[in-house]
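For reference, the structure is listed below as structure tokens.
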Amino acid sequence: MTASQIVPGAERHLKNHTSLLASCGNSLTMAYRGLLKIRRTPEQLFDVTLQPILFTLMFTYLFGGAIAGSVHNYLPMLIPGILIQTVITTSVVTGVQLREDMDKGVFNRFRSLPIARIAPLAGALIADTVRYGIATLLTFAMGYLMGYRPAAGLGGVLVGSLIVILFAWCISWIFALFGVVARTASSVQGISLLILFPLTFLSNAFVPVDTLPPWLRWFVTVNPLSHLITAVRQLANQGSIGADFWLSFGGAAGVVAVFAPLTVRAYMRRA
Amino acid sequence: MMDHTSPGTGRAAHRAATASLAVEAHGLVKVFGANRAVDGVDLFVPAGAIYGFLGPNGAGKTTTLNMLATLLRPDGGRALVFGHDVQREAQIVRQLIGVTGQYASVDETLTATENLVIFARLLGLPRRSARRIAGDLLERFDLTEAGNRPLSKFSGGMRRRLDLAASLIAQPPLIFLDEPTTGLDPRTRAQMWETIRSLATTGSTILLTTQYLDEADQLADRVAVIDHGRMVAEGTPDQLKSTVGVASLQLRLQAADDAAEALRIVESVLGVAAQLPEATLVTAPMADPERVTELLLSIRNAGIHLTEVSVQKPTLDDVFLALTGKTAAEEKGAKT
Ligand SMILES: Nc1ncnc2c1ncn2[C@@H]1O[C@H](COP(=O)(O)OP(=O)(O)O)[C@@H](O)[C@H]1O
Ligand SMILES: [Mg+2]
């Protein structure tokens with residue numbers, strides 16, 4: 001075993017802050033680590049892959065005839081709904097994995113390295129966009145296999161996909177906050193799904209709003225996910241951008257404006 | 001109890017002394033609820049030394065180390081690493097240290113190579129250099145073959161070595177090793193000792209914690225003994241051992257009736273205070289092995305029969321017994 005002589009501590013000239021460039025580099029390295037982990041443990045992706053396939057199959061044949069007259073007519077309505085449901089559910093993983101990561105020994109090493117404090121959080125948020133991308137791709141592919149031909153063509157689908165990924169990223173700040181402040185990973189999962197379950201099902205994702213009783217109709221119309229789903233439907237099926245798009249966009253920006261500072265503050269206090 | 005007075009007084013002398021210190025801590029305190037885990041620790045680690053931090057489980061070793069490594073905020077006192085304050089200049093301190101914690105701080109789901117490459121990239125090395133350094137370190141720690149295996153297939157010793165390798169990427173001048181050999185089998189333990197010694201020859205300062213007196217004795221140039229968050233002694237291993245006695249002589253008697261007479265003979269021949277921990281067991285510090293022959297002859301001449309003669313090397317417990325008058329276990333019991 002050989003090693004060269006090290007430079008004595010008193011002779012080193014060092015700075016006490018991390019430059020912006022270095023911080024970005026650190027965050028990208030942490031994102032790379034996140035991707036490696038996805039590759040090493042592909043079973044993590046079960047929810048992202050199985051949910052869109054299973055739900056699309058189930059709901060299309062179960063409700064297609066009843067709601068839209070035929071399976072084929074139901075798809076343009078259903079696919080954007082399933083897409084939002086899947087991607088938003090996926091964004092919970094950000095919080096769960098952040099908590100798991102922070103509880104691990106390797107996190108202590110990150111904290112002892114001269115890197116930007118925010119890098120592990122930023123890296124996790126970046127890496128998770130890949131999950132949303134996979135979920136989006138799979139949902140549209142599943143729809144295509146079953147006969148869904150979005151009227152707006154590939155362009156509309158692409159813009160719609162990007163919007164969905166961006167939106168999921170914004171929402172993931174909420175779950176990141178849960179992840180940072182929660183005691184255990186399973187509690188993050190539990191709380192997050194408890195909130196998401198009613199939000200995704202009590203929306204216009206699966207059924208037309210006008211069939212609902214008034215009190216439920218009220219909830220479904222104020223549910224921000226309904227607006228997002230409508231926006232994506234308009235993008236993919238008509239190639240148009242309407243009020244729902246701007247509403248969703250504003251809502252997502254609002255979520256980031258509120259939750260990003262909260263999450264970063266809570267995170268920095270613990271990191 | 002020994003003291004760590006630095007040579008010379010006055011400001012200039014102090015500054016000169018400070019420059020050659022890798023770690024300097026004054027009155028470090030950490031409180032967890034009602035538990036004063038670290039209760040006013042002063043520490044002076046000369047640059048280039050292997051410094052042992054010796055204490056039983058729960059003494060406050062890890063907590064102290066974590067404060068020095070910027071992982072834990074002290075509740076009182078201050079600490080400097082090569083003259084840089086661990087709280088105000090944390091990011092500088094992090095560039096000067098390598099930390100190998102008590103529990104593995106590597107990523108279980110990734111391979112050894114991937115772990116090292118990621119740490120190297122985080123330290124700002126370009127991709128190519130990161131790969132090269134990862135390869136070099138794996139070779140140096142005899143892990144090349146296992147480099148692409150997931151860590152779940154690693155043995156305890158391999159994990160420790162990888163953890164240590166990860167701490168050396170930036171070639172830090174100060175390395176913290178928290179109980180580097182606890183839980184390792186004797187052979188792996190000896191290898192780890194060799195590794196630590198060769199690390200010291202590169203000019204790194206090493207601050208290691210241990211529960212074993214012989215480990216501190218084998219490796220450290222200076223040792224601090226900590227108990228209940230307080231330092232109870234500081235000095236070279238030889239100084240420390242001289243407070244304990246080199247080893248303890250144990251004589252097992254055939255008949256309990258002879259105990260009083262045996263005790264008297266031991267005390268008069270060895271010239272030390274002997275003890276009678278059991279009805280038929282006489283123990284005494286054995287400062288000079290030469291006199292044991294004489295002692296055994298005297299015992300035979302007195303017609304006392306022995307069933308067993310043994311020599312017990314001093315343990316951490318003996319250190320505590322000598323320093324505090326109580327064993328570590330007794331102290332623990334008294335506290336809870
Ligand atoms: N995070 C923590 N919260 C509460 N108590 C702690 C924490 N870490 C350590 N302690 C307590 O502080 C004391 C010292 O612990 P530690 O520094 O780990 O000892 P050692 O490393 O010498 O075994 C112990 O009584 C331990 O229970
Ligand atoms: Mg410990």
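Note on B:R264 and A:R183: the model spin-label points, each 7 Å out from Cα along the C-beta direction, lie 6.5 nm apart. What is the distance in Å between the Cα centroid of the range A:209-271 and that of the range B:240-297? Spelled out, the Cα-based centre of one part sits 83 Å from the other. Determine the percent antiparallel among the DSSP beta bridges restricted to the range B:16-242, to the nearest 5. Of the beta bridges lying entirely in the range B:16-242, close to 55 percent run antiparallel. Potential lengthening of the chain between B:R73 and B:R197 amounts to 41.6 nm, from the contour at 0.36 nm per residue minus the alpha-carbon distance. Taking amide H positions as modeled 1.01 Å from N, with prolines and chain starts lacking one, the residues under 5 Å from A:A152 and 5 or more places away or on another chain are A:N237, A:Q238, A:G239. Helix A:224-233 axis versus longest C-alpha principal axis of chain A: approximately 70°, rounded to the nearest ten.
Classify the range B:57-134 as rounded, prolate or oblate, taking a ≥ b ≥ c as the square roots of the eigenvalues of its Cα gyration tensor: rounded when a/c is under 1.5, otherwise prolate if a/b is larger than b/c and oblate if not.
Working: a/c = 3.50, a/b = 1.61, b/c = 2.18.
It is oblate, given that a/c is not under 1.5 and a/b is not larger than b/c.
Sequence-distant contacts, meaning Cα pairs under 8 Å at least 6 residues apart, place the relative contact order of chain B at 19 percent. Per-residue surface analysis assigns B:L263 an accessible area of about 40 Å², computed on protein heavy atoms at 1.4 Å probe radius.
Among A:H17, A:T221, A:G242, flag the residue with its Cα farthest along the positive direction of the charge dipole of the range A:11-270, charges on Cβ as +1 for Lys/Arg and -1 for Asp/Glu. Sorting the options by dipole projection puts first A:H17.
Here the Karplus curve 6.51 cos²θ - 1.76 cosθ + 1.60, taken at θ = phi - 60°, turns the phi angles of the range A:105-117 into couplings of x, 5, 5, 4, 5, 4, 5, 8, 8, x, 10, 4, 4 Hz, with x standing for Gly and Pro.
Residue pairs exceeding 25 angstrom between C-alpha atoms, taken from B:K30/B:K313; A:K15/A:K104; B:K30/B:K153; A:K37/B:K30; A:K104/B:K61: B:K30/B:K313; A:K15/A:K104; B:K30/B:K153; A:K37/B:K30. Can you list the residues, at least 5 places off or on another chain, whose amide H is less than 5 Å from the amide H of B:I50, using H built in the peptide plane? For B:I50, whose amide H was placed from the backbone, the distant partners under 5 Å are B:I206, B:D221, B:R222. Coupling constants for the range B:93-106 follow from the phi torsions by the Karplus curve (6.51 cos²θ - 1.76 cosθ + 1.60, θ = phi - 60°), and in residue order they are 4, 5, 7, 9, 10, x, 10, 10, x, 5, 10, 3, 10, 10 Hz; glycine and proline get x. Checking the a/c ratio against 1.5 first, then a/b against b/c, what shape does the Cα gyration tensor give for the range B:104-154? Note, shape of the range B:104-154 comes out oblate. The angle between the Cα long axis of helix A:153-181 and the longest principal axis of the Cα atoms of chain A comes to about 50 degrees, rounded to the nearest 10. Taken as Cα centroids, the range B:71-113 and the range B:172-210 sit 17 Å apart, rounded to the nearest whole angstrom.
When the square roots of the Cα gyration tensor eigenvalues are ordered a ≥ b ≥ c, the ratio a/c for the range A:211-271 is 1.5 or more and a/b does not exceed b/c, which makes its shape oblate.
What FRET efficiency comes out for the pair A:N73/A:W215, r = Cβ-Cβ distance, R0 = 22 Å, nearest 0.05? Efficiency, rounded to the nearest 0.05: 0.20. The angle between the Cα long axis of helix A:119-145 and the main principal axis of chain A comes to about 30°, on a 0 to 90 degree scale. Burial of accessible area (probe 1.4 Å, heavy atoms of protein chains only) in the range B:137-173, relative to its chain alone, reaches at least 50 Å² for B:R140, B:Q171.
Taking amide H as placed 1.01 Å from N in the peptide plane, the amide H of A:R12 sits under 5 Å from none that are at least 5 places away or on another chain.
Within the range B:16-242, what whole-number % of the accessible surface is contributed by carbon and sulfur, with the 1.4 Å probe and all protein chains included in the calculation? Solvent-exposed carbon and sulfur of the range B:16-242 make up 49 percent of the total. Between B:K153 and B:D214, the distance separating the two model label sites (each 7 Å from Cα on the Cα→Cβ line) works out to 3.5 nm. Evaluating 6.51 cos²θ - 1.76 cosθ + 1.60 at θ = phi - 60° for every residue in the range B:280-287, the Karplus couplings come out as 10, 10, 10, 10, 7, x, 10, 6 Hz, glycine and proline recorded as x. Computed per residue of the protein assembly as shown from DSSP H runs no shorter than four, each worth -39500 (n - 2.57), the mean residue ellipticity at 222 nm is -18000 deg cm²/dmol. In percent, rounded to a whole number, the relative contact order of chain A is 25, using alpha-carbon pairs under 8 Å and six or more apart.
The values are calculated or read from the model by the stated rules, or taken from the named source; none is laboratory data. Here the structure is a predicted model, which means the values were calculated and not measured. Don't worry about glycine lacking a Cβ; one is built from the backbone with ideal geometry, like all the others, and counts go over all protein chains shown. Quick note on the areas: whole protein, heavy atoms, side chains included, nothing else; ligands and nucleic acids left out. Shrake-Rupley method; radii C 1.70, N 1.55, O 1.52, S 1.80 Å.
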